[in-house]
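Quick one: the structure is below, questions incoming.
The values are calculated or read from the model by the stated rules, or taken from the named source; none is laboratory data. Remember, it's a predicted structure, so these values are computed and weren't measured experimentally. All Cβ positions, glycine included, derive from the backbone under ideal geometry; neighbour counts span all protein chains shown.
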């Protein structure tokens, strides 16, 4: 009936405060940041937390986009809009701007956050595919300290993450690699919609122009994040070419496991997994080669 | 981005009286209203598409503290309602026929308690086989949606046959002979999914009894229809039911008809309290008996060697859904759109309105027309291609023109179809530098005007301030707002001098409501009539005051002056003050509606009155699209529109209607379609999975009006406009896509996946 169940609400004053609250309240507590996933789920009673801990006051601790020579660190509270507008981020990781341009609308982008997107762990969530393609690391904090885990360990299934009770995701870290770039392509039914399918690619070139390392993250084509290891294997050491992209596209299609639903049939989504993988690779390589595409 | 090309020549002067209230939030909608002691209503739905009711037990629901009433079929008069085919009751009896059927209505002291009561109702049933496929529904061995239909009090010419609710044929000339004469014959099938009106405001109803009279605030496009529905089902005289519509948050036809007013009035009577219902978005999708019908269209057309059409045969199935609502005329109307605005001597089209166990169909903006036009016009491009003729030339050659005879034998007076084609082509050519995988497609459409009874009062009070009291309903088109302009022009005053009292059945005379693009056509006539009565009074007062002849008095710029001597004048306010001390300035208008034309030579079985078209409106839309060949994604880049809706009285509102119609048409073309599961239930009944267009998807839209003052139409020769822009957009997009794909996409909506599938087909 589109009204959340009764609940209690508290505004956290620090990350430590938020973690202390969660420790005390246990699995009946949920963190709210932008609220664009949690609140609709509460209205539909798919989520029925007894306590809401609002972390929107923690932007000083969690709102950063920091770029160093060795890595990019993005706080969990960085909004979609900030990820879209950061020229510094676009210069080193253009995949973020690619993805953010096709995520929802300004109203959502102004409030929705990176941390919220990843913790929702929706198989159709664009930024999960982006972080997967980039081989990002997730920083999870609890009262005894923090741990850093790989993106593919962070997602444990649809709507399930490695974040335990009493813990929160605080930061995403992406290593910077020389001669590298990235790109994202999505098919959506209308502007800003959830992906029918999408693919993100990150490529690092060797000095001789061959592919030193490459990763592809697929979105909405299976119950889980679909980082396709055979794609990385197939890309490594190869000279970039249309034939290579086509071959890798076939691997993406073979590893996609989509369901037929109102967004499209499994056959169409499988085709899109191939096509969008090809496009993302093509653009990521071109960018890594210094082309302005 | 939008270009108002005619703006310079017709400077805007129109400011909507309801605009500031709507955009500042001070306007009140039904959901905003509260009354002392008010209870909250919820419905219990069947949740199953087809079943025989074994038991509906409300005992536990009634026992919940805070529940004031739980009503089922036995608590209201046993009345079957709906025009032409009365097949519906307020609450399910014996059998449920779609998932949104109402079993029971609850009133409680909070929405949460009402919901708890709904959940506590025990519903036991035996499932019946689901009728879902239109062609299977027409087979002899199909289960029946209404087994007892023979007992319904059907009116008019409706040869009922099993699941076929109505059958209509258009027939003229000799199709067999025509086909024998044909040089080229093209045969096509088109299948359109159902879709939704999807107004922003989910509907609400608030009812309160005082003695034996009930006042109902409701989000209706047709207050008098809603009142009549309450009167019929609760067996009340019309003067004891008052319907008031506060601001309406869109309708698009979905809020036509009579919906839930009687359920809430019955709850209010049972509880002796005001009761309010507000729908959720999901209910808005699943429950109302107004959604756009799915259709199957078979078309066969024969051409002479010179490219003229010699014969057309058609077969149509239109989905009725579980109940007929206002859809009885849809089969015939669909046939008109599938036949098209063409000169064809030999025509035979059989059209069927078919029951299924899906949500009932009903009047959504230009019912049957976008789908019928899409089929007809996609077929038209196939015809042109079959003989190697340019599609524009083909339409110019075969399309009707002033003095031509159309598909049903109607001879058309001065009409602008040909000019519409020229104007759309000219506009799209400005954007014609085609990039890779871009193409232009175009389509023509038509739509009738609906003359009918309508009334209004106008008065000038002693300070010279004007009041229009009208039965017309404003559903967002601006048509009611335009009435100020008509009254003002008649009296030589400013539109801002008038306020409008509207949407209240107790104070205003009858009007059909915001339906059939009829407000300006009919209520415009009524307001002009009423204002003219006041003008006569003013001229008499002015003549007395200035010692001049009545015939010489001119009303202009807020004054009455003597013709030829503008300086000899008196202000209308001063005349109003004089009148205020004696015979008051009150006008009432209705006027005789224009006649419907004759259609000699047409043989129609199952006539539902929509073959002879009064003041027909014509349109041509030309679109430019870009296709992504590897994904099937289509982007609409430009839409150039040309419309003959007669004289345009209010340009800003008219442009708005065209642009809105185009955006709705793009949604129908590309993304909007209802998915059903095997269980007969909607799979995308909500905005998350039912994809409306947004402004980010909107193309550039340009519009030109072919202004032909039309006889037997509305004030100054105006025709309707609200529905016409929704007719040809999907068809034009179809033809652009077909150029790029090499064949039409024969399913609507033409989703990216369907386009991609068409791209994979082998060329025969």
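Looking only at residues in segment B:522-531 that are touching a helix residue (DSSP H, G or I) at 6+ places or on another chain (Cβ under 6 Å) and within 16 Å of residue B:586 (Cβ to Cβ), which one is surrounded by the fewest Cβ atoms within 10 Å (Cβ to Cβ)?
Here the answer is B:528.
On to the next question. Could you tell me which residue of segment B:502-515 is surrounded by the most Cβ atoms within 10 Å (Cβ to Cβ), considering only residues that are modelled with pLDDT of 95 or more and not in a loop (DSSP other than H, G, I, E, B)?
So the residue we want is B:511.
For a quick check of your reading of the model, give me the residue pairs whose first member lies in segment A:16-27 and is within 11 Å of residue A:55 (Cα to Cα), whose second is part of a helix (DSSP H, G or I), with beta-carbon atoms closer than 8 Å and at least 6 apart or on different chains.
Close Cβ pairs satisfying both conditions: A:18/A:58.
Please work out if residue B:285 is out of contact with any helix residue (DSSP H, G or I) (no Cβ under 8 Å at 6 or more places or on another chain), farther than 30 Å from residue B:41 by Cα and at pLDDT 95 or above.
no
Can I ask one more? In segment B:105-130, how many residues are crowded, with 18+ Cβ neighbours inside 10 Å, more than 11 Å from chain A (Cβ to nearest Cβ) and in contact with a helix residue (DSSP H, G or I) (Cβ under 8 Å, 6 or more places away or on another chain)?
The number of residues fulfilling the criteria is 7.
With the checklist (1) in contact with a helix residue (DSSP H, G or I) (Cβ under 9 Å, 6 or more places away or on another chain); (2) farther than 24 Å from residue B:329 by Cα; (3) in contact (Cβ under 8 Å) with a residue 60 or more places away in the chain in hand, flag the one item residue B:691 doesn't pass.
With respect to (1) in contact with a helix residue (DSSP H, G or I) (Cβ under 9 Å, 6 or more places away or on another chain); (2) farther than 24 Å from residue B:329 by Cα; (3) in contact (Cβ under 8 Å) with a residue 60 or more places away in the chain, residue B:691 is out only on (3).
Only residues that are out of contact with any helix residue (DSSP H, G or I) (no Cβ under 8 Å at 6 or more places or on another chain), in contact (Cβ under 8 Å) with a residue 12 or more places away in the chain and more than 18 Å from residue B:457 (Cβ to Cβ): list them for segment B:575-593, please.
Correct list: B:577, B:581.
Moving to a separate point now. Which condition number does residue B:44 fail, the rest of (1) touching a strand residue (DSSP E or B) at 6+ places or on another chain (Cβ under 7 Å); (2) buried (at least 21 other Cβ atoms within 10 Å of the Cβ); (3) away from chain A (no Cβ under 14 Å) being met?
(3)
Suppose we keep only residues that are outside any helix (DSSP H, G or I) and either in contact with a strand residue (DSSP E or B) (Cβ under 6 Å, 6 or more places away or on another chain) or at pLDDT 95 or above (or both) within segment B:744-764. Which one would you say is nearest to the other protein chains (Cβ to nearest Cβ)?
The extreme case among them is B:751.
Another one. Does any residue of segment A:55-66 turn out to be free of Cβ contacts under 8 Å to residues at least 40 places away in the same chain, over 30 Å from residue B:116 (Cβ atoms) and touching a helix residue (DSSP H, G or I) at 6+ places or on another chain (Cβ under 9 Å)?
Scanning segment A:55-66 turns up at least one residue that is free of Cβ contacts under 8 Å to residues at least 40 places away in the same chain, over 30 Å from residue B:116 (Cβ atoms) and touching a helix residue (DSSP H, G or I) at 6+ places or on another chain (Cβ under 9 Å).
Which numbered condition in (1) crowded, with 19+ Cβ neighbours inside 10 Å; (2) free of Cβ contacts under 8 Å to residues at least 60 places away in the same chain; (3) within 14 Å of chain B (Cβ to nearest Cβ); (4) in a helix (DSSP H, G or I) is the only one that residue A:193 fails?
Going through the list (1) crowded, with 19+ Cβ neighbours inside 10 Å; (2) free of Cβ contacts under 8 Å to residues at least 60 places away in the same chain; (3) within 14 Å of chain B (Cβ to nearest Cβ); (4) in a helix (DSSP H, G or I), residue A:193 breaks only (4).
Yes or no: residue B:331 part of a helix (DSSP H, G or I), surrounded by fewer than 24 Cβ atoms within 10 Å (Cβ to Cβ), out of contact with any helix residue (DSSP H, G or I) (no Cβ under 7 Å at 6 or more places or on another chain) and at pLDDT 95 or above?
Judged against the criteria, residue B:331 is not a match.
Right, here's the next one. Determine, yes or no, whether residue B:685 is closer than 30 Å to residue B:385 by Cβ, within 13 Å of chain A (Cβ to nearest Cβ) and not in a helix (DSSP H, G or I).
no
Checking residue B:646 against (1) more than 30 Å from residue B:738 (Cα to Cα); (2) touching a strand residue (DSSP E or B) at 6+ places or on another chain (Cβ under 8 Å); (3) within 14 Å of chain A (Cβ to nearest Cβ), which test does it fail?
Every condition holds for residue B:646 apart from (3).
Hey, does segment A:162-182 have a residue that's under 30 Å from residue B:635 (Cα atoms), at pLDDT 95 or above and touching a helix residue (DSSP H, G or I) at 6+ places or on another chain (Cβ under 8 Å)?
Scanning segment A:162-182, I find at least one residue that is under 30 Å from residue B:635 (Cα atoms), at pLDDT 95 or above and touching a helix residue (DSSP H, G or I) at 6+ places or on another chain (Cβ under 8 Å), so the answer is yes.
Every residue, every condition in (1) out of contact with any helix residue (DSSP H, G or I) (no Cβ under 8 Å at 6 or more places or on another chain); (2) under 30 Å from residue A:197 (Cα atoms), yes or no:
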position: B:598; (1), (2): yes, no
position: B:606; (1), (2): no, no
position: B:613; (1), (2): no, no
position: B:618; (1), (2): no, no
position: B:622; (1), (2): no, no
position: B:626; (1), (2): yes, yes
position: B:634; (1), (2): no, yes
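Something else: Which members of segment A:254-277 meet the condition of being within 14 Å of another protein chain (Cβ to nearest Cβ), more than 27 Å from residue B:674 (Cβ to Cβ) and surrounded by fewer than 20 Cβ atoms within 10 Å (Cβ to Cβ)?
Within segment A:254-277, no residue meets the criteria.
Residues being within 30 Å of residue B:675 (Cβ to Cβ) and either modelled with pLDDT of 95 or more or within 11 Å of chain B (Cβ to nearest Cβ) (or both): count how many of those fall in segment A:227-251.
Within segment A:227-251, residues that are within 30 Å of residue B:675 (Cβ to Cβ) and either modelled with pLDDT of 95 or more or within 11 Å of chain B (Cβ to nearest Cβ) (or both) number 2.
Do we have any residue at all in segment A:64-75 that's surrounded by 21 or more Cβ atoms within 10 Å (Cβ to Cβ), modelled with pLDDT of 95 or more and closer than 25 Å to residue B:694 by Cβ?
no
Please give the number of the condition residue B:211 fails out of (1) on the phi < 0 side of the Ramachandran plot; (2) without any contact (Cβ under 8 Å) to a residue 24 or more places away in the chain.
Among (1) on the phi < 0 side of the Ramachandran plot; (2) without any contact (Cβ under 8 Å) to a residue 24 or more places away in the chain, residue B:211 violates only (1).
State yes or no: is residue B:669 part of a helix (DSSP H, G or I), within 14 Å of chain A (Cβ to nearest Cβ) and either touching a residue at least 40 places away in the same chain (Cβ under 8 Å) or in contact with a strand residue (DSSP E or B) (Cβ under 8 Å, 6 or more places away or on another chain) (or both)?
Criteria met by residue B:669.
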